[in-house]
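Following: one structure in structure tokens, then a few remarks.
The values are calculated or read from the model by the stated rules, or taken from the named source; none is laboratory data. As the structure is a prediction and not an experimental result, all values here were calculated from the model. Note that we place each Cβ from the backbone using ideal geometry, even for glycine, and neighbour counts take in every protein chain shown.
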Amino acid sequence: MKRLIILLLILSFSLPANAFFWNKKDKNIEKELEGKGYAGQLPQIDNKIEKPKIEVAEPIFEPQGNFDSPEDIKPAPSNNPSFIDIIQKKDNTSPFVNDANNLIQMLEKLYDSIDNKESVQLFVSKGTVLTSNVDYMINKYQGKPESYYESFKKLIEVNKYTKTIMTLRKEAAQYQRFMAYTESGSIYNPTNIEQQLDYLKEEINAAILLLKEDI
């Protein structure tokens, strides 16, 4: 019983001192954290935050009522390189294909000249156009991959033979009447010339077929 009384006395003296200590400690902590957001009310910051402004985009051009009117449509800028290269697009066909297409037309005209038995002058004229263009192609593609095409090789043969026949027909027209009865004049014989022209037709036809295979 005495122990219980002594214990109660000790508690009665110690509690007020401890309560004062802790109460003082709490106030110090509260004072230290005041205004830092860790204790008490949070600061009012609504008036410091600027609300986003919603802006409405406006057109940068004035709308036109007659949009599809022919008077309001501007002509295409055909002189502008950007329009030519990008809008219209450049022809991506290889140069050899373009040259081959042109030669096919020339070969066909020379073939028709022989088939229609045109005059020496017309034959030579069409033959000269063809051989000039083939000479150009030979210089252009010699040593390049195109020079290994079978059509290219055939063009070289046709080119040489066409030049030979043109010379033969021109000389025949000039000298045949003077050399008709001589041994060397036999090459100017109309029959011989016809045979040479028939052979040239076969070579021209072969060249056309080969060119068409390569384009």
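Residue 117 fulfils the conditions (1) within 29 Å of residue 98 (Cα to Cα); (2) in a loop (DSSP other than H, G, I, E, B); (3) among the charged types (D, E, K, R) except for a single criterion, (1).
So, in region 91-129, how many residues would count as being in contact with an Asp or Glu (Cβ under 6 Å, 6 or more places away or on another chain) and under 27 Å from residue 195 (Cα atoms)? It would help to see each step written out before you state the result.
So the first thing to find is which residues in region 91-129 are in contact with an Asp or Glu (Cβ under 6 Å, 6 or more places away or on another chain), and the list is 96.
Subsequent filtering for residues that are under 27 Å from residue 195 (Cα atoms) retains none.
Total meeting the criteria: 0.
Looking only at residues in region 199-215 that are within 15 Å of residue 164 (Cα to Cα) and without any contact (Cβ under 8 Å) to a residue 60 or more places away in the chain, the one that is surrounded by the fewest Cβ atoms within 10 Å (Cβ to Cβ) is 199. For region 113-146, filtered to residues that are out of contact with any helix residue (DSSP H, G or I) (no Cβ under 6 Å at 6 or more places or on another chain) and in contact (Cβ under 8 Å) with a residue 40 or more places away in the chain, the residue that is nearest to residue 164 (Cα to Cα) is 115. In region 159-204, the residue that is farthest from residue 103 (Cα to Cα) out of those that are among the aromatic types (Phe, Trp, Tyr) and modelled with pLDDT of 95 or more is 199. Look at residue 148 and say whether it is at pLDDT below 95, more than 22 Å from residue 116 (Cα to Cα) and within 50 Å of the chain's Cα centre (by Cα). Yes; evaluated as a whole, the condition is true for this residue.
Report yes if residue 126 is charged (D, E, K, R), under 45 Å from the mean Cα position of the chain (by Cα) and loosely packed, with under 15 Cβ neighbours inside 10 Å, otherwise no. Judged against the criteria, residue 126 is not a match.
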